[in-house]
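So the structure is just underneath, and the comments pick up after that.
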Amino acid sequence: MLYRTLPEFDLVEPTTLQDAAAALASRGRTAIMAGGISLLDDMKRGGADPPDTVVTLRHIPGLRYIEGDRVGGLKIGPLATIRDVELSSTVRDGFPILHQAVSKIRSVQVKTMGTIIGNVCVGTPASDVLTALIALDARLRLIGRNSGSPLPAISLCKGPKLTHLEPTDIVEHIEIPGVQGPSYGAYINLTRTLPDIAKLTVAVNLFMEDGVCADARIVVGAVAPIIFRASAAEDSLRGRGLDHETIDRAAVAARDDPTTTPIDDIRSTASYRRGMVGVLVRRALEAAATKAAAA
Amino acid sequence: MLETLNVVGARMPLPEAYEKATGRATYCSTMRLPGMLVGKVLRSPHPHARVAKVDYSKAESLPGVAAVVSGQDVKSKVYTKNVMTYQLPGGEIQDMTLFGDRVRYKGDEVAAVAAVDEPTARRALSLIEVEYEVLPAVFTVDDAIAEDAPVIHDFAPDNTPVSAVPTFCYGDAAKAFEESAVVAGGWYTTSKQIQAGMESAACVADYQHGKLTVWSQSQLPHMAKRMLAHVLDLPEADVRVIQPYAGAGFGAGCDLNAEPIAAVLAMKAGAPVQVWYSRDEDFNNRLTREHVAKVHMRVGLAADGTPKALEAHYWGDAGSYMCKTASGCGVALASNITPYEWEAMDQKLSATYTNHVGGGAMRGFGGMQSSFVRETIVDEAIAQLGMDPIEWRMKHHRNVGGLGWFPSARITSCALEECLTIGAERIGWKEKWNKPQSGTKRRGVGVACMAWLSGAQPMLLEHSNATLKFNADGSATLLVSPGRVGQGVEGALAQIAAEVLTIPYERINVIAGDTDITGFDIGTHASRGVYCIGKAVLAAATEAKEQFLQRAAEKLGLSNDTLVLEDGVISSTADQNCFVTLEEIALGLIYGFEHDCNQIVAHATVEPEDFAPPWQAGFAEVEVDIETGVVEVVKWITVHDIGRAINPSTVEGQLEGATCQGMGFALFEDPVISLSDGYMLTDGFDKYKIMSSVDLPDHEAILVEMGDPSGPFGAKSVGEAGLFLQAPAIANAIYDAVGIRLRDLPMTPERVLAAIQAKEAGV
Ligand SMILES: Cc1cc2nc3c(=O)[nH]c(=O)nc-3n(C[C@H](O)[C@H](O)[C@H](O)COP(=O)(O)OP(=O)(O)OC[C@H]3O[C@@H](n4cnc5c(N)ncnc54)[C@H](O)[C@@H]3O)c2cc1C
């Protein structure tokens, strides 16, 4: 395609989530719009099947919220922007991994327009936001579906920019479960320029009991079709203290994880990315261990 | 020290600043003429093919389509988008034909339409039926010079029309190498950086009453006019090129884009046509930086450090059309001459065709590749001798009267030693250089130097004209024709005129960028604006001053040489009460009733003889992460020998902006060309990253003002100078930090880490 212009579409502006759901169900090829950054860009690039109806959430009152705390858990509404989350003291103090991750997004315009939920729903394997949310075991509450159990963020994607969401699904909020005991995390990424999309993302979240790692989440993005948890690395930490050897072993396990299958692209090379999984996981674990030791 | 002046040297606001900041400035892309049509280009989907047939009958009959053009509508004239070619008979290689029967890269022009709006134009493009006979294609120099490579241009059966041509050689290099104590060098590669202007390629053409007017982003409006007359077979008198403000420059305006196509469409449609590339179209079809793909260089130094020999072979990847690739290599070689006192130089250049977009010009033309390679190899040789790279440079640079860029030119001024001294102090060279480093993050400092030019005289025609026309109130219109690419030259030219005439800066109204109004000017390239056009303005203003003095002498009944001009008043040196103001004189010359009206119109033509090299030292402090290969520039310092800063704010602005581009070239800017079809995969700013404000490290631009005897008020150039030294100084700093020598640009973390690992493995 040599030209980028927005194709024609109908814009529906519901004022309640119910009307939004009804509009999505009753029309042809539909899409939800939050900030519109990814959606409109995709439409301009002329994907195979652009929506003919766009349902914007922007006129529905009460969707821009970040509620809760570390112990009780956090809820993020559909119109809460990345910037809102970055500036939230609740997030900064209670969920520092998420704070660190959104702070790595350096385009203020993108953070001001873009929503957290919109970012997640795109399903890109290089999302800073989704990497951090998986480390926090976040879940997506969908309207009118799975009324009992929300969808774990780790299970959202099936491939690059492919999610299990139907076009009619609306994410009502993202919830992060509360944490009782001590946990220590870190978020690191690598980019070409600071505002660029990451070539590699890593988040770790360690749960400590009596100086021993009771549970661990090690999340790696941009080196496989979807963001994943390096389970062998996580296993290697459980029940151990955070000494250098243990950390090194976990980092190597993440690097050599069968799911780590990076590619060459314009941002980096497969071999560099693979090597860096080991380095970044080690550094993230060291950072978390330092915090644990200081606590 | 230079004497202090009134207007020259002051930090004046640019004349265009208000218009631009308030959104009132007009650009080719924002122009709207009554009845203006949208032009779109049909581009080849194949990297190499014969165009067997083009049938546009269906497109032509689509309602809303005003004109469709292809090969059958144009005279088949061989031409080149490199408008500089047209300054000399013969010129550079011309290898393009408009809508020719052969396409040579994916995106090459096949046909075009003009329609009432963009959707109609696009629909019309899809209705054009083209039969292609697809040919094999090659995308790298190495593939293009292989035995069985497809021939891209019939006149160059080996795809290399410029093959190892000796350029700027002197002395006995073989002997000088034999006498060298150390020899360093090897093969280097550099990136095909993109100019990355905010405005993608845009132009408007209108053909009325037998006269063609083209609004173009060209930095060389008069040369654009000559090229358009050639390709369209029109008398030059019937072509007028107007340059509104351009939202893209950095060399991108040195070659034309769709101007000939817009013109052909406008001539057929009988209405104005605007062609404005979309961003991906721009990335893929606007000529990139002159692409010096590979460089082989060696230098030899005597045991005491004396520079013995420099040998180089610059090999350009021309892409599908030569445009500026060979001349880029030539300039690269020329720019190696000035900095150091080599006993012998042996240089040659080659340029090879491949099937991707051609290489045009970008700021730092040729000098980028030279500075990186030369300054890192020199650093390597100096290190082998165990010398301090600053001391070596202090001692062995050329000096006033020494060999210039082009063999007949001589150096007129040199403040390199001052630049080195100031920069070394600011960066903390003594404390930081050559200090052993350990740990994961290692710091180092590096230095590099260069000498550039202020116009490419005497090699190229650098003819400029300036006209000052006085109003009855003593203000003046200054007619000049630089390229208007946002570089601030118009303000500096007004400062020069205001200084001479002792009138306020605001009273000089600069009119530029219209070939029917202004005198001839080559335009903006080779960092020539303030120096060359400034000399013309200086001469015109001096001539105007003489005319004022003459008239004052007549009115006051005194002789010229007893009069002085100060603050807009001409008075007698003997009697302060005997005076007349410029305003009174100007009024009388236009509205006098004594039958002696004679409006002051002063004109000057210049063809400068000297090239007035600005010198520069660049200093980098870096921190290298040895586990990730990430290079953080901790501090950047440019110390620039400007001669005299006509407007220090613009000079600093030029240097700081260039620091961004230079760091991009050094560290990450890399247009990725597909090896399967030659298409540029990095076809937007989401993929092709340039430096943003958050990426820019702590940096300083320091000016050294010692004057140049040939420059207007001592000024030399700054347009390109600021972006040469980031790559070599950063590379040298990386060596200081971790002991690796990088030979390929950009120096990405991937490459840095690979080099660190190779060093550790002892490879
Ligand atoms: C220049 C640039 C830089 C960027 N840098 C980064 C970066 O560094 N790190 C990073 O992680 N991301 C980055 N991004 C991605 C950016 O954060 C996302 O594009 C943005 O957050 C999307 O949010 P949005 O509100 O605009 O979503 P929209 O474009 O409105 O929607 C995106 C998708 O989500 C769907 N959707 C939105 N809301 C809902 C909902 N409530 N329920 C169901 N589906 C929904 C839409 O239908 C659409 O498919 C960058 C993007 C750009 C353009």
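The values are calculated or read from the model by the stated rules, or taken from the named source; none is laboratory data. Keep in mind that what you see is a predicted model, and the values were worked out from it rather than measured. Here the Cβ positions follow ideal geometry from the backbone for every residue, glycine too, while neighbour counts run over all protein chains shown. Side chains are part of the model used for accessible areas, which takes the heavy atoms of the whole protein and leaves out ligands, DNA and RNA. Shrake-Rupley method; radii C 1.70, N 1.55, O 1.52, S 1.80 Å.
Observations on the structure shown:
- The number of residues in the range B:457-485 that are open to solvent by 40 Å² or more (accessible area, probe 1.4 Å) and part of a loop (DSSP other than H, G, I, E, B) comes to 7.
- Qualifying residues in the range A:84-110 (those that are closer than 15 Å to A:Thr191 by Cβ and assigned to a helix (DSSP H, G or I)) - the one farthest from the ligand (Cβ to nearest atom): A:Gln100
- Screening B:His296 with (1) within 25 Å of B:Lys687 (Cβ to Cβ); (2) more than 23 Å from the chain's Cα centre (by Cα) gives one miss only, at (1).
- Every condition in (1) under 30 Å from B:Tyr679 (Cβ atoms); (2) surrounded by fewer than 24 Cβ atoms within 10 Å (Cβ to Cβ); (3) polar (S, T, N, Q) holds for B:Thr338 except the one numbered (1).
- The single residue among B:Val704, B:Val763 that is in contact with a helix residue (DSSP H, G or I) (Cβ under 6 Å, 6 or more places away or on another chain) and more than 14 Å from every other protein chain (Cβ to nearest Cβ) turns out to be B:Val704.
For every residue, the table says whether it meets (1) modelled with pLDDT under 95; (2) within 30 Å of B:Arg240 (Cα to Cα); (3) surrounded by 16 or more Cβ atoms within 10 Å (Cβ to Cβ).
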| site | (1), (2), (3) |
| --- | --- |
| B:Ile511 | no, yes, no |
| B:Asp514 | no, yes, yes |
| B:His595 | yes, no, no |
| B:Val601 | no, yes, yes |
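- Scanning the range A:255-291 for residues that are free of Cβ contacts under 8 Å to residues at least 40 places away in the same chain and either away from chain B (no Cβ under 12 Å) or in a loop (DSSP other than H, G, I, E, B) (or both) turns up A:Arg255, A:Asp256, A:Asp257, A:Pro258, A:Thr259, A:Thr261, A:Ile263, A:Asp264, A:Asp265, A:Ile266, A:Thr269, A:Thr290.
- Subset of the range A:41-69 [in a helix (DSSP H, G or I) and either open to solvent by less than 50 Å² (accessible area, probe 1.4 Å) or of a type in the set (Phe, Trp, Tyr) (or both)]: A:Met43
- Options B:Gly358, B:Gly364, B:Gly330: the member that is under 11 Å from B:Thr167 (Cβ atoms) and surrounded by 24 or more Cβ atoms within 10 Å (Cβ to Cβ): B:Gly330
- Selection from the range B:652-684 of residues that are open to solvent by 10 Å² or more (accessible area, probe 1.4 Å) and among the aliphatic types (A, V, I, L, M): B:Leu667, B:Val672, B:Ile673, B:Leu675, B:Leu681
- Assessment of the range B:721-734 against the conditions (on the phi < 0 side of the Ramachandran plot, more than 14 Å from every other protein chain (Cβ to nearest Cβ) and surrounded by fewer than 21 Cβ atoms within 10 Å (Cβ to Cβ)) yields no matching residue.
- Of all residues in the range A:170-200, exactly one satisfies the criterion of being away from every other protein chain (no Cβ under 14 Å), polar (S, T, N, Q) and part of a strand (DSSP E or B), namely A:Ser183.
- Note on the range A:126-135: residues that are in contact with a Lys or Arg (Cβ under 8 Å, 6 or more places away or on another chain), more than 8 Å from the ligand (Cβ to nearest atom) and farther than 8 Å from A:Ala153 by Cβ total 1.
- Any hit, the range A:17-39, residues being within 14 Å of another protein chain (Cβ to nearest Cβ), closer than 30 Å to A:Asp196 by Cα and either within 10 Å of the ligand (Cβ to nearest atom) or surrounded by 17 or more Cβ atoms within 10 Å (Cβ to Cβ) (or both): yes
- Filter pass, A:Pro177 being over 28 Å from A:Arg27 (Cβ atoms) and within 15 Å of the ligand (Cβ to nearest atom): no
- Meets criteria (under 19 Å from the mean Cα position of the chain (by Cα), outside any loop (DSSP other than H, G, I, E, B), hydrophobic (A, V, I, L, M, F, W, C) and crowded, with 24+ Cβ neighbours inside 10 Å) for B:Phe283: yes
- A:Gly72 vs. criteria more than 17 Å from A:Ile143 (Cα to Cα) and either open to solvent by 20 Å² or more (accessible area, probe 1.4 Å) or of a type in the set (Gly, Ala, Ser) (or both): yes
- Criterion (touching a residue at least 60 places away in the same chain (Cβ under 8 Å) and aliphatic (A, V, I, L, M)) met by exactly one of A:Ile218, A:Ile247: A:Ile218
- Leading residue by the ranking (nearest to the other protein chains (Cβ to nearest Cβ)) among those in the range B:677-695 that are free of Cβ contacts under 8 Å to residues at least 24 places away in the same chain and of a type in the set (Gly, Ala, Ser): B:Ser692
- Every residue from the range B:374-426 that is open to solvent by 60 Å² or more (accessible area, probe 1.4 Å) and free of Cβ contacts under 8 Å to residues at least 40 places away in the same chain: B:Gly386, B:Glu391, B:Asn399, B:Val400, B:Glu417, B:Thr421, B:Glu425
- Taken over the range B:258-277, residues that are within 14 Å of chain A (Cβ to nearest Cβ) and under 23 Å from the mean Cα position of the chain (by Cα) amount to 3.
- Some residue of the range B:291-305 being assigned to a helix (DSSP H, G or I), surrounded by 23 or more Cβ atoms within 10 Å (Cβ to Cβ) and touching a residue at least 12 places away in the same chain (Cβ under 8 Å): no
- For B:Arg751, the requirement of being basic (Lys, Arg), within 14 Å of another protein chain (Cβ to nearest Cβ), in contact (Cβ under 8 Å) with a residue 24 or more places away in the chain and open to solvent by 30 Å² or more (accessible area, probe 1.4 Å) is met.
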